[in-house]
Amino acid sequence: TPAPRVFSGIQPTADSFHLGNYLGALRQWVAMQDTHDAFYCVVDLHAITVEHDPAALRRRTRVAAAQLLAMGLDQDRSTLFVQSHVPEHAELAWVLGCLTGFGEAGRMTQFKDKSAKQGTSGTTVGLFTYPVLQAADILLYTPDPGPGEAALQVPVGEDQRQHLELSRTLAQRFNHRFGATFVAPEAYIPKGAAKITDLQDPTAKMSKSASSPQGIVDVLEEPGPMRKKIMRAVTDTGSEVRYDEESKAGVTNLLRIFSALEGTSVEDLERRYEGSGYGQFKKDLAEVVVDAFTPIRERTLKLLDDEEQLDRLLAQGAGRASAVAARTMEIVRDRVGF
Ligand code: ADP
Ligand code: NA
C-alpha cells in the first residue's frame with residue numbers, strides 16, 4: 001500500500017520562523033517525510049489577505065522555503081513548493097467559493113477575530129474567503145476517490161479545526177452536486193508536537209504577531225541574543241525545576257523546549273536538575289537551543305546565497321505539485337461544465 005498523503009502549509013509572514021513553529025509543526029513536517037507522501041506549501045497567496053509589502057513578501061517566501069530545506073525537508077522525500085507557483089490553487093478556490101454560503105464563511109471564528117483587528121475598512125474579501133482558499137489547497141491534493149482510498153491527512157492545531165471542517169463539507173458538497181471527486185480530508189495529530197509559550201508571558205502562546213521580541217526566539221537568531229532571551233525567560237520565585245503547568249508555567253515551558261530539542265524525557269531533566277536551581281538549567285538550555293538552531297541558520301544562509309539552486313529546488317517542487325493539481329482541476333473543470 002502506498003504511504004498516506006499529507007498536506008500542510010505555512011505563511012511567509014515573518015523573516016524567520018520561531019521556536020514555536022519549529023516544535024509545534026515544522027519538525028513534524030520533517031519527520032512525516034518518511035511516513036507519508038508529503039506535500040508542503042509556502043502559502044504566499046494567503047499572506048496578501050492583509051496589507052503587505054511586495055519586496056518583503058518575495059524575500060520572506062524564499063527565506064521560508066530555505067529554512068524548511070535547512071530543517072531537513074528534502075525534495076527527494078517530499079514535495080515542497082510555493083503556492084503561487086501552482087495557479088490551480090486560485091482556480092479551485094473560485095469554484096469552491098461558489099459552493100460556500102456567505103453565512104457559512106462568516107461563521108469562521110478566525111475571520112471574526114482577524115477582521116475585528118483589521119477594522120471594517122481594512123478587512124478584505126480575501127480575508128473573508130481565506131478558509132475557502134485553504135480548502136482548495138487541501139482538496140487539490142486529495143487522492144483519487146475509489147474503493148477504500150485513504151483520505152488526505154492534514155495536521156491541524158485547535159485554531160484550524162473549523163477550517164478543516166469546512167474543507168470536508170465542501171468536498172462532500174462538491175461530490176453531492178457534481179459526482180464523486182474528492183475524498184474528504186482528515187485531521188492528523190502529529191506525534192510529539194509541543195505547544196510553546198511566550199518566554200515573558202508563559203500563559204500566552206509564543207506568537208509572531210503577539211509576542212514581544214524578548215518573548216520569542218527566532219530560528220535564524222544569532223547565538224548571543226538567543227542565549228540572553230533564554231537566560232531572561234520568566235520563571236517564578238521558587239528554585240525547583242519541576243513540570244507543573246498550573247503553578248510553574250514558565251519552567252514548564254522551558255522543560256518542554258529542553259525535552260523536545262534534546263530528546264530527553266521531562267522526568268530525566270527534573271532528576272538531572274534536582275537541587276541545582278534555575279541558573280544552570282537555563283544556561284544548559286540556552287546551549288541546547290543554540291546547538292539546535294545554529295546548523296539550521298547556517299544552512300539557510302547558504303541556500304539563500306545560491307539563488308539558482310533555490311530556484312531549481314522550488315521549480316522541482318512546483319512541477320510535482322502541478323502534476324497532481326492539474327489532474328484534479330481537469331476533473332473539476334469537466335464536472336463543473338467548463
Ligand atoms: P498561522 O500560519 O495559522 O497564522 P502561525 O504562523 O502562528 O499560524 O503558525 C504556523 C504553525 O506553527 C502552525 O502549525 C501553528 O500551529 C504552529 N505554531 C505557532 N505558534 C506555535 C507555538 N507557540 N507553539 C506550538 N506551535 C505553534
Ligand atoms: Na515521503
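The values are calculated or read from the model by the stated rules, or taken from the named source; none is laboratory data. Quantities reported herein were computed from a predicted structural model and do not represent experimental measurements. Using ideal geometry, Cβ is built from the backbone for each residue, glycine included, and neighbour counts are taken over all protein chains shown.
A few remarks follow.
- Top-ranked residue of the stretch 185-229 - restricted to ones that are in contact with a Phe, Trp or Tyr (Cβ under 8 Å, 6 or more places away or on another chain) and of a type in the set (Asp, Glu), ranked as nearest to Asp144 (Cα to Cα): Asp218
- Residue in the stretch 135-148 that is aromatic (Phe, Trp, Tyr) and not in a helix (DSSP H, G or I) present: yes
- Those residues of the stretch 151-167 which are among the polar types (S, T, N, Q) and free of Cβ contacts under 8 Å to residues at least 60 places away in the same chain, in sequence order: Gln160, Gln162, Ser167
- In the stretch 152-173, of all residues being part of a loop (DSSP other than H, G, I, E, B) and not small (Gly, Ala, Ser), the one that is farthest from ligand 1 (Cβ to nearest atom) corresponds to Leu152.
- Consider the stretch 210-245 and keep the residues that are under 23 Å from the mean Cα position of the chain (by Cα) and assigned to a helix (DSSP H, G or I). The one that is nearest to Thr197 (Cα to Cα) is Gly215.
- Some residue of the stretch 178-197 being surrounded by 20 or more Cβ atoms within 10 Å (Cβ to Cβ), at pLDDT 95 or above, in contact with a strand residue (DSSP E or B) (Cβ under 8 Å, 6 or more places away or on another chain) and part of a helix (DSSP H, G or I): no
- Taken over the stretch 145-196, residues that are within 19 Å of the chain's Cα centre (by Cα) and of a type outside the set (A, V, I, L, M, F, W, C) amount to 18.
- All helices (runs of 4 or more DSSP H) inside the stretch 28-125 with 3 or more residues being away from ligand 2 (no atom under 16 Å from the Cβ), buried (at least 22 other Cβ atoms within 10 Å of the Cβ) and in contact (Cβ under 8 Å) with a residue 24 or more places away in the chain: 54-71, 88-97
- Consider the stretch 1-19 and keep the residues that are under 22 Å from Pro223 (Cβ atoms) and either aliphatic (A, V, I, L, M) or within 10 Å of the chain's Cα centre (by Cα) (or both). The one that is nearest to ligand 2 (Cβ to nearest atom) is Phe17.
- Gly20 being more than 17 Å from Leu314 (Cα to Cα) and touching a residue at least 60 places away in the same chain (Cβ under 8 Å): yes
- Checklist (1) away from ligand 1 (no atom under 14 Å from the Cβ); (2) farther than 23 Å from Gln153 by Cα applied to His52, failing item: (1)
- Among the candidates Arg327, Arg320, Arg299, residue that is closer than 22 Å to Ala31 by Cβ, out of contact with any helix residue (DSSP H, G or I) (no Cβ under 8 Å at 6 or more places or on another chain) and surrounded by fewer than 19 Cβ atoms within 10 Å (Cβ to Cβ): Arg320
- Matching residues, the stretch 1-27, being surrounded by fewer than 19 Cβ atoms within 10 Å (Cβ to Cβ) and more than 10 Å from ligand 1 (Cβ to nearest atom): Thr1, Pro2, Ala3, Pro4, Asp15
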